[in-house]
Amino acid sequence: MFNLVWYSAKLFFKGKLLRDPLYVYRQLVFGILLGSFILVGLEGLLILIGSQEVGLNFTMALIVSSVFTGIIMPFLLKDMKMQ
C-alpha cells in the first residue's frame, strides 16, 4: 500500500499522473469556493436571526458546509482521467 502511495505521489509531482490537470484544479477550486460561500452564507444567516451562541453556530455552519462540500466533490471529479 505504501508503494502505491509513493508511486502515485512521484507521478503527481512529475506532472504525469493526471491526464488533464487544468480540469481537476478548476473543479477543485469550484468546489472549495462553493463550500466557502455556503459557510459564509450560513454564518451570515445565523447572525441576521440574532443568535446569541456565536461559537456553537459557527461550528454548526462549518459542519454543514463541510458535509455539503464532501458530498459534492465526487460529483465534480467524476470525469477525472488518469494516465
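The values are calculated or read from the model by the stated rules, or taken from the named source; none is laboratory data. Everything numeric in this text was worked out from a predicted model, so none of it was measured. FYI the Cβ positions are ideal-geometry reconstructions off the backbone, even for glycines, and counts take in every protein chain you see.
Being at pLDDT 85 or above, within 18 Å of LYS81 (Cβ to Cβ) and either exposed (fewer than 13 other Cβ atoms within 10 Å of the Cβ) or in contact with a strand residue (DSSP E or B) (Cβ under 8 Å, 6 or more places away or on another chain) (or both) narrows it down to one of LYS14, LYS10, so name that one. Don't jump to the end; show me each part of the working.
On the way: LYS10 fails: within 18 Å of LYS81 (Cβ to Cβ).
Of LYS14, LYS10, the one residue that is at pLDDT 85 or above, within 18 Å of LYS81 (Cβ to Cβ) and either exposed (fewer than 13 other Cβ atoms within 10 Å of the Cβ) or in contact with a strand residue (DSSP E or B) (Cβ under 8 Å, 6 or more places away or on another chain) (or both) is LYS14.
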What are the pairs with Cβ atoms under 7 angstrom where one residue, in region 6-26, is in contact (Cβ under 8 Å) with a residue 12 or more places away in the chain and the other, located anywhere, is part of a helix (DSSP H, G or I)? Sequence gap at least six, or different chains.
LEU17/SER8; LEU17/LEU11; LEU18/VAL24
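Name the one entry in PHE58, PHE68, PHE30 that is of a type outside the set (Ser, Thr, Tyr), in contact with a helix residue (DSSP H, G or I) (Cβ under 7 Å, 6 or more places away or on another chain), at pLDDT below 85 and part of a helix (DSSP H, G or I).
On the way: PHE68 fails: at pLDDT below 85; PHE30 fails: at pLDDT below 85.
Matching residue, one of PHE58, PHE68, PHE30: PHE58.
To keep it simple, each residue is scored yes or no on (1) over 28 Å from PHE12 (Cβ atoms); (2) of a type outside the set (Val, Ile, Thr); (3) surrounded by 11 or more Cβ atoms within 10 Å (Cβ to Cβ).
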{"residue": "GLY35", "(1), (2), (3)": "no, yes, yes"}
{"residue": "LEU62", "(1), (2), (3)": "yes, yes, yes"}
{"residue": "SER66", "(1), (2), (3)": "no, yes, yes"}
{"residue": "MET73", "(1), (2), (3)": "no, yes, yes"}
{"residue": "LEU77", "(1), (2), (3)": "no, yes, yes"}
{"residue": "LYS81", "(1), (2), (3)": "no, yes, no"}
